[in-house]
Amino acid sequence: MQNITTLTHLFIEQAREIYDAEVQQLEVIKEILPKINSPELKQLVTHHIDQIKLQKERLEKVFAEEDELSSGEQNQVMAALIKELIEIMNRSADSKVRDAGLIGSLQQIKHFEMAAYGTLCAFAKTLKKIEEANALHHNLEEEKGMDAQLSHLARNTINKEALSTLIL
């Protein structure tokens, strides 16, 4: 691993990290989709799969503009968040409680991604990379939207259903 010596290099390295995060997230979401109980949550997560694919495409365009490859090291933060998500999913005995836990885990992932995309947008603007900044801002707004939808669903439905679960 070489030293990071310029803002451009830092920009590319962090773009690679969020790209890997999207790849990891896409894999795990496809894996857990059948375990989701709530039809509304399943629909939202299914829609987000399409968003992740578009976000990856936008990131690939950033790499193409920079004449760089998307490959890098595994994003350890996303790996840890995914490990936690899988553990919650596997340890939740009730499907309604599992859905509530999934929303919490997904929101942790969304908040990490919002921080990463926000930082990348700021770097791109500073570097006067307007097209890249716009693409990254689009990804950021999608993550914010998903987070808001997850919050709404949790507040209005999922958490209330999980509350009604009784263990005998």
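The values are calculated or read from the model by the stated rules, or taken from the named source; none is laboratory data. Quick caveat: nothing in here was measured; it's all calculated off a predicted structure. Note that we place each Cβ from the backbone using ideal geometry, even for glycine, and neighbour counts take in every protein chain shown.
One residue stands out in segment 71-92 among those that are over 15 Å from Gln14 (Cβ atoms) and of a type in the set (Asp, Glu): the one that is farthest from the chain's Cα centre (by Cα), namely Glu87.
Applying the condition of being more than 15 Å from the chain's Cα centre (by Cα) and either farther than 19 Å from Glu131 by Cα or aromatic (Phe, Trp, Tyr) (or both) to segment 40-70 and asking which residue is surrounded by the fewest Cβ atoms within 10 Å (Cβ to Cβ) yields Gln43.
Of the residues screened, Ala100 is one that is closer than 20 Å to Ser151 by Cα, at pLDDT 95 or above, out of contact with any Leu (no Cβ under 6 Å at 6 or more places or on another chain) and not acidic (Asp, Glu). Restricting segment 22-39 to residues that are touching a residue at least 60 places away in the same chain (Cβ under 8 Å) and more than 18 Å from Asn139 (Cα to Cα), the residue that is nearest to the chain's Cα centre (by Cα) is Ile32.
Within segment 85-130, if we keep just the residues that are acidic (Asp, Glu) and more than 20 Å from Glu22 (Cα to Cα), the residue that is surrounded by the fewest Cβ atoms within 10 Å (Cβ to Cβ) turns out to be Asp94.
In this structure, does Ile167 turn out to be of a type in the set (A, V, I, L, M), under 14 Å from Gly104 (Cβ atoms) and either at pLDDT below 95 or touching a Lys or Arg at 6+ places or on another chain (Cβ under 9 Å) (or both)? No. For segment 70-77, the condition holds for at least one residue, the condition being that it is hydrophobic (A, V, I, L, M, F, W, C) and over 26 Å from Lys96 (Cβ atoms).
If Leu120 passes every condition in (1) farther than 21 Å from Thr46 by Cβ; (2) modelled with pLDDT under 95 but one, which one does it miss? It is condition (2) that Leu120 fails. Inside segment 63-90, residues that are modelled with pLDDT of 95 or more and either more than 20 Å from Glu27 (Cα to Cα) or small (Gly, Ala, Ser) (or both) make up a count of 2. For segment 123-168, which positions are outside any helix (DSSP H, G or I) and not hydrophobic (A, V, I, L, M, F, W, C)? Lys128, Lys129, Ser164, Thr165 - these are the residues of segment 123-168 that are outside any helix (DSSP H, G or I) and not hydrophobic (A, V, I, L, M, F, W, C).
Does Glu65 fit the bill of being within 30 Å of Thr126 (Cα to Cα) and without any contact (Cβ under 8 Å) to a residue 24 or more places away in the chain? For Glu65, the condition - within 30 Å of Thr126 (Cα to Cα) and without any contact (Cβ under 8 Å) to a residue 24 or more places away in the chain - is not met. On inspection, His137 passes the criterion of being free of Cβ contacts under 8 Å to residues at least 24 places away in the same chain, under 27 Å from Glu60 (Cα atoms) and within 18 Å of the chain's Cα centre (by Cα).
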